[in-house]
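Encoded as structure tokens, the structure appears first; notes follow it.
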Amino acid sequence: MSLKPEDYLEPACPLCMSDPTQENPVRRIDLQRMMQKLDEHLGRNDYVAALRHLKYWLAEAEFYHDVQGTLAVYNELMGLHRKLGHKDAALSAVSHGLSLIERLHLEDTVTAGTTYVNAATVYKAFDMIDKALPLYCSAQMIYEKNLCGEDPRLGGLYNNMALALSADQQYDEADSYYRKALEVMAHAEHGALEQAITYLNMADNAVAKLGILESEGVTEQYLDQAQRLLKLPELPQNGYYAFVCEKCAPTFRYFGRFAFAEELEALSKKIYERS
């Protein structure tokens, strides 16, 4: 999950304000420029370049004493290191990010909620569910208090929280949060992609709860829904669409839909090659 401008543009605080009398006054990094270039790297599936890019901007933010900029970069590093399987680096980014939330006294802000979601998702990815769930709960309280009910960030939170609950064998609770995610993303622009991912997660949750044979009827319904959503003609076939296709293909293959899995992988490769 990426930080949006409203996440990092908080009211000025003493730690972030520039003072020309200081020997090392604060200078803000260009977050819009950073995110634009990061999206370009990710759109080409070039994680090596994306990581190099983020390390450069982290050094810039730290050099210019831009604490909020540093927090924004660490939020992106959490997700990238997680995708790359860099456990130690991901956990280090989590530690830095959470400490900056405390340093800036942002514990009750949307910025904190986003950081908690990113940190919890790292913990979940590395099977540290006991650390993930409390952070998801903290993020839920913040998001539900400060965001409108149709904000896609809520959908992302609910989906990730459900994954953690399912991993903790709380299958009914997980299903409840998956349905919350579906409802939110129904109102989001191109939210069909997120809904498709959620339906596939629901299929996995049903198998975990009931077993492969007993869940066959309901999983087929979820797979049908996900397949329909991924084939909607109005979806832009960009880098994110390619990423989702690549992410969903293994699940379709696991459930025996080999032809559609191969179709998704071929489409994903085609999009990346032309980027």
Can you tell which of Ala93, Ala89 is over 29 Å from Gly149 (Cβ atoms), open to solvent by 30 Å² or more (accessible area, probe 1.4 Å) and among the hydrophobic types (A, V, I, L, M, F, W, C)? Ala89
Checking Glu265 against (1) open to solvent by 40 Å² or more (accessible area, probe 1.4 Å); (2) under 29 Å from Leu147 (Cβ atoms), which test does it fail? (2)
Tell me the residue from Asp88, Asp66, Asp130, Asp108 that is among the acidic types (Asp, Glu) and within 17 Å of Met161 (Cβ to Cβ), please. Asp130
Filter pass, Tyr8 being at pLDDT 95 or above, touching a helix residue (DSSP H, G or I) at 6+ places or on another chain (Cβ under 9 Å), at negative phi and not charged (D, E, K, R): no
Residue in the range 111-128 that is touching a residue at least 12 places away in the same chain (Cβ under 8 Å) and outside any helix (DSSP H, G or I) present: yes
Conditions first: (1) open to solvent by 50 Å² or more (accessible area, probe 1.4 Å); (2) more than 22 Å from the chain's Cα centre (by Cα); (3) among the basic types (Lys, Arg). Lys247 passes all but one, so which condition is the exception? (2)
Just one listed residue, out of Ile142, Ile197, is assigned to a helix (DSSP H, G or I), open to solvent by less than 20 Å² (accessible area, probe 1.4 Å) and touching a Gly at 6+ places or on another chain (Cβ under 6 Å), and it is Ile142
Find the residue count for the range 138-181, including only residues that are of a type in the set (A, V, I, L, M, F, W, C) and over 16 Å from the mean Cα position of the chain (by Cα). 7
Suppose we filter the range 60-81 for residues that are of a type in the set (Asp, Glu) and open to solvent by less than 10 Å² (accessible area, probe 1.4 Å); how many remain? 1
Is it fair to say Asp108 is in contact (Cβ under 8 Å) with a residue 24 or more places away in the chain and open to solvent by 20 Å² or more (accessible area, probe 1.4 Å)? yes
So Arg179 clears everything in (1) under 20 Å from Glu76 (Cα atoms); (2) open to solvent by 40 Å² or more (accessible area, probe 1.4 Å); (3) not in a loop (DSSP other than H, G, I, E, B) except one condition, right? Which one? (1)
Filtering the range 33-59 down to residues that are open to solvent by 50 Å² or more (accessible area, probe 1.4 Å), in contact (Cβ under 8 Å) with a residue 24 or more places away in the chain and over 17 Å from the mean Cα position of the chain (by Cα) yields Arg44
For Val184, state whether it is in a helix (DSSP H, G or I), open to solvent by less than 50 Å² (accessible area, probe 1.4 Å), of a type in the set (Val, Ile, Thr) and out of contact with any Gly (no Cβ under 8 Å at 6 or more places or on another chain). no
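The values are calculated or read from the model by the stated rules, or taken from the named source; none is laboratory data. No experiment lies behind these values; they were computed from the predicted model shown. So basically every Cβ, Gly included, is an ideal-geometry build from the backbone, and we count neighbours across all protein chains shown. Keep in mind that these areas ignore ligands, DNA and RNA; they rest on the heavy atoms of the full protein, side chains included. Shrake-Rupley method; radii C 1.70, N 1.55, O 1.52, S 1.80 Å.
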